[in-house]
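Just so you know, all these numbers are worked out from the coordinates, no wet-lab data involved. This structure is a prediction, so every number in the text was calculated from the model and none was measured. With ideal geometry, Cβ positions are generated from the backbone for all residues, glycine too; neighbour counts draw on all protein chains shown.
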Amino acid sequence: MREPLNLQRSDSTDCPRCHQLGRAVSAVTIEAMLIAEAKARLTQTDGFHFCATPECDVAYFHPASREVFLQRDVRVPVFQKSTNPNRLVCYCFGHTVAEIRAEFRAKGSSWIREDIKTKCAQGLDACERNNPQGSCCLGNVQRVIREAGAGNVPPDPGSSGCCCGG
């Protein structure tokens, strides 16, 4: 039995549960990320937003139709909504939070950001299909690197845009 969501009527791009601004995701992301049971409940694929709030169980919501999909409806764990150190931070190339932390402890830096950029430049990425947020992971990767370095890591000079074009 599904739990009631207690959703308030909203025509904005705020998550109906946590009321934080959601980021628009493409129909490609929705189709790729939802499990079969959730896809069967879809009435449309365009117009969804991603909720990145860690404490909120909503993964995707549609402001107009009021459709809501929870974390359990997504085929992979959502980086922003998990604290598991083995969770993926880069869904295209399989890099985990634990991998970044271990490398940073061992070497004082991480090569993973550069690895991702190199592979994206070769056209090997598919962020829209692989990442639940529907876009490039480099902002998340940089955050994990900064956290691993206890804030002693300068911002990536090339992080103003996405290397993956998404």
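Using only alpha carbon positions, build the gyration tensor of region 1-146, then give the equivalent ellipsoid semi-axes as the square roots of 5 times its eigenvalues, largest first, whole angstrom.
Taking √(5λ) for each Cα gyration eigenvalue gives 30, 16, 13 Å.
If packing is taken as the average count of other Cβ atoms within 10 Å, what order do 26-34, 134-142, 105-113 fall into, highest mean first?
With the highest mean Cβ count within 10 Å placed first, the list reads 134-142, 26-34, 105-113.
Compute the distance in nm between two label points, each set 7 Å from the Cα along the Cα-to-Cβ direction, one at N86 and one at R41.
2.8 nm
Take the alpha carbon atoms of region 20-41, find their center, do the same for region 71-100, and report the distance between the two centers in whole angstrom.
17 Å
At a temperature of 20 °C and a viscosity of 1.002 mPa s, determine how fast region 62-117 diffuses translationally according to Stokes-Einstein, using the Kirkwood radius over alpha-carbon pairs as Rh; express D in µm²/s, rounded to the nearest whole number.
Stokes-Einstein gives a translational diffusion coefficient of 163 µm²/s.
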